[in-house]
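Okay, structure first, notes after.
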Amino acid sequence: MTVQAKVGGVTITDGALDIAGAITIGASQAEGVTIGRSGKDVTVNDDLVLPKTSGVGVKVDTTSPTFGWRDLLGEITIRGSGGTDPSFLTYGGSNIRAFFFAVNDEVFLAFHIPHDYVPSSDIHLHFHWSQDAKTAAGAGTNPVTGGSVTWGYEITYAKGHQQAAFSAAVTGTVAQNANTTKDYHHIAEVQVSAASPSASQIASGGLEPDGIILCRAYLSANNMTVSAGAVPAPVLHYCDVHYQSTNMATKQKAPNFYS
């Protein structure tokens with residue numbers, strides 16, 4: 001391959017640009033750079049160093065760059081006794097069991113805010129649910145013809161590292177139409193934080209890495225319809241929180257995370 005130009009540590013050949021040493025691209029935040037052709041991979045053979053600044057990270061979409069979404073996963077836990085525990089019954093004609101909910105049945109979850117959370121961005125709670133052909137008492141039912149299910153939540157939040165007590169809990173609901181297909185997987189989403197929170201939200205500006213969200217999830221209403229007989233109990237399989245990610249860690253493991 002013929003060398004076409006060489007200046008200091010920069011070598012330009014027919015098919016490659018080789019740079020020896022450190023690279024600084026853009027003298028200000030107003031400047032940018034595009035690396036690689038459309039649809040082509042970019043290979044980095046050494047450390048990729050990004051600023052430690054709050055809200056700086058890796059975005060997705062070259063046309064309209066934005067921080068991507070990730071999940072905070074929440075395993076359902078139950079009290080284990082009492083009249084508000086969902087029924088743990090076999091699901092979908094299998095030997096797999098799931099939680100079948102009567103109105104006001106409740107479960108509990110906890111979510112940890114990770115270090116790649118985009119500061120002050122809004123978060124959304126997901127209810128993963130379906131309906132099977134059983135009531136919460138285990139009785140069989142007729143197929144669903146329509147209607148809806150309303151899930152409720154109660155959440156409280158506190159920063160970590162000895163900074164705050166848990167806030168006063170807020171409550172809210174989200175309704176979603178049922179499907180006539182048995183065992184159909186639904187995801188009911190509701191925004192649970194905002195810059196200017198409503199009575200059913202917490203403040204996005206207070207969220208930070210190592211904070212904890214405590215959550216009570218419950219069935220607020222079951223308005224599904226059937227052609228005849230008993231209305232089936234909705235099944236809550238999982239809850240998670242959607243959050244926007246910088247796709248990188250913080251420099252510090254405790255506040256100030258970005259110093």
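The values are calculated or read from the model by the stated rules, or taken from the named source; none is laboratory data. None of these values were measured; they are calculated from a predicted model. Quick reminder, even Gly has a Cβ in these numbers, built from the backbone with ideal geometry, and neighbours come from all protein chains shown. Quick note on the areas: whole protein, heavy atoms, side chains included, nothing else; ligands and nucleic acids left out. Shrake-Rupley method; radii C 1.70, N 1.55, O 1.52, S 1.80 Å.
Observations on the model:
- Between Val60 and Gln162, the contour length at 0.36 nm per residue exceeds the alpha carbon distance by 33.3 nm.
- Remark: the Cα gyration tensor places region 57-119 in the prolate category, a/c being 1.5 or greater and a/b exceeding b/c.
- Peptides 86-97, 102-113 ordered by packing proxy, namely the average of other Cβ atoms within 10 Å per residue, highest first: 102-113, 86-97.
- On full extension, the segment bounded by Val44 and Leu73 gains 7.3 nm, given 0.36 nm per residue less the C-alpha separation.
- When the P(r) is computed for region 143-250, the part past 18 Å accounts for 58% of the Cα-Cα pairs.
- Rel. contact order, % - alpha carbon contacts under 8 angstrom, at least six apart, region 90-246: 44
- Amide H contacts under 5 Å for Gln131, placed H, 5+ residues apart: Asp183, Tyr184, Val235
- If you plug the beta carbon distance of Lys251 and Ala175 into 1/(1 + (r/R0)^6) with R0 = 41 Å, you get a FRET efficiency near 0.45.
- Reported value for region 114-198: 148 Å³ per residue, from the convex hull of its C-alpha atoms.
- Amide H contacts of Asp240 (H built 1.01 Å from N, under 5 Å, at least 5 apart or other chain): His126, His128
- Under Karplus coefficients 6.51, -1.76 and 1.60, residue-wise ³J(HN,Hα) of region 122-129 in Hz, glycine/proline x: 7, 10, 9, 8, 10, 10, 8, 8
- Ordered by solvent-accessible area of protein heavy atoms (1.4 Å probe), largest first, the residues Asp41, Asp122, Asp116 come out as Asp41, Asp122, Asp116.
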